[in-house]
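Read-outs: derived from the displayed coordinates by stated rules, not from any lab. The structure displayed is predicted, hence computed values, not measured ones. Don't worry about glycine lacking a Cβ; one is built from the backbone with ideal geometry, like all the others, and counts go over all protein chains shown.
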Amino acid sequence: MLNRERIIERLQWLILLLLFAYDGFTYLPEESNFALIKSAYYVLIFIAFLFIITLQMRSGKVEFRRIGNLSFLIQLFIWLYFLRVYYDFMITGVKQEIVTNPFAAVFLYANAAIVPFYGFAFFRWEGMDLRKLNTALLFIFLAMGMVSLSYIVTGKALEYIGADGRFMGNESMDTIAFGHLGTTITILALSLFYQRDIRLWHKLVSAFAIVVGLFVSIAAGSRGALVALIVCFIAYLYMNGHKMKILIGLPVLAGLFILLLPILNDILISYDNQALDRLYNSIYDPNSMEAGVTSGRDVLYQQAFENIWENPFVGSSLFIKGEYVHNSVLEAFLGTGIFGGALFVVIIISVLISAFRMGEQDKRYLFVSLLFIQYLTYSLFSRTLSMLPLFWLSMYLVLYLNAANDESIRDHTML
């Protein structure tokens, strides 16, 4: 029979793997009942959290980790944001196209941002084998990437072609999320490939995953995913002490990509695949894009600034005429006012500092650090914070792993 500690360990693994695998919903048939499936998914995670707390209480050793002064600021912001989500969806009934069920919006945000924050406080992070976790995630994400790759290569993705060469998946994932899946695969495989003491097969799988990730990220036609990939690559070089390579290599690579883009685009178009058309037009023919290079974001940003000044203290709404603002920082100010927006900026800067410090000090934390940077970049160009679960997951992992690492260092110093 498994003892309590082993059960707790396995429940922690189950929770993390489920949370990371959120984008797997995209591969369900379009006629699926997504609301029901996601509700069952989050209920399962919530029950697993409760089991961990219950087992700890029965053993008499309840683990409750604090993450310093930032803990109070995060709680203040996520509850302020919760009030805004509740008010917009449940009270005013704001018109938008993200979710059809107002209660679902509140439920999804609460389970993406609030439940994990408190649940992770009861995790026993010191015994977490991050290399094993990253390896498991690599196979999960690689499987998703291979399915995405098959959609692109076989033309199935083209059944959902959208404006300017972008294709849709279903209500869980569109071309932007496909691109970011490729970016996640790439940074995860990179973080594993250069770690010491990994076996040859591990390196070969990681190298293959890098190729798949890059192809999916580029072929998805999402510019935001490519920006995130570049930002993460810069951060990766910085964390590995290659600061001169950033100054020399990146301009060269960027120049080569821009020069080769027309050739790559022509190759894909010869196979009736328009995935790179949008990226090509953004650089070489911006006037051909109906919504412009910014896809209308400049208009949303301008309106957001006006709304913020009109309602500086409590905010106005998370939406502008039914559209989310496509920038997490502006959204924080727009929805929670100057105080809430300032809170969000302080939190983001603090977590970024922790992410860089962790990635530099211990390469086991490299993927988690880069994942937060990726999803922060993601949030600055697309999506709304209420519908970006991996943003919250990556942020909390940086904070809790950093706190556990600091505590471990203090314990060894005292010895």
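At a glance:
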item: Cα Rg over Rh - region 5-55, Kirkwood; result: 1.07
item: Student exercise, region 1-58 dipole from Lys, Arg, Asp, Glu Cβ charges, in Debye to nearest 20; result: 400
item: Sequence ranges 177-186, 340-349, ranked by mean other-Cβ count within 10 angstrom, highest first; result: 177-186, 340-349
item: Derived scalar couplings ³J(HN,Hα) [region 15-22; Karplus, 6.51 cos²θ - 1.76 cosθ + 1.60; whole Hz; x for Gly, Pro]; result: 4, 5, 5, 5, 5, 5, 8, 3
item: Whole-Hz couplings from phi, Karplus 6.51/-1.76/1.60, listed for region 387-392; x for Gly and Pro; result: 10, 9, x, 6, 5, 5
item: ³J(HN,Hα) computed for each position of region 374-379 - Karplus, 6.51 cos²θ - 1.76 cosθ + 1.60, integer Hz, glycine/proline x; result: 4, 6, 5, 4, 3, 5
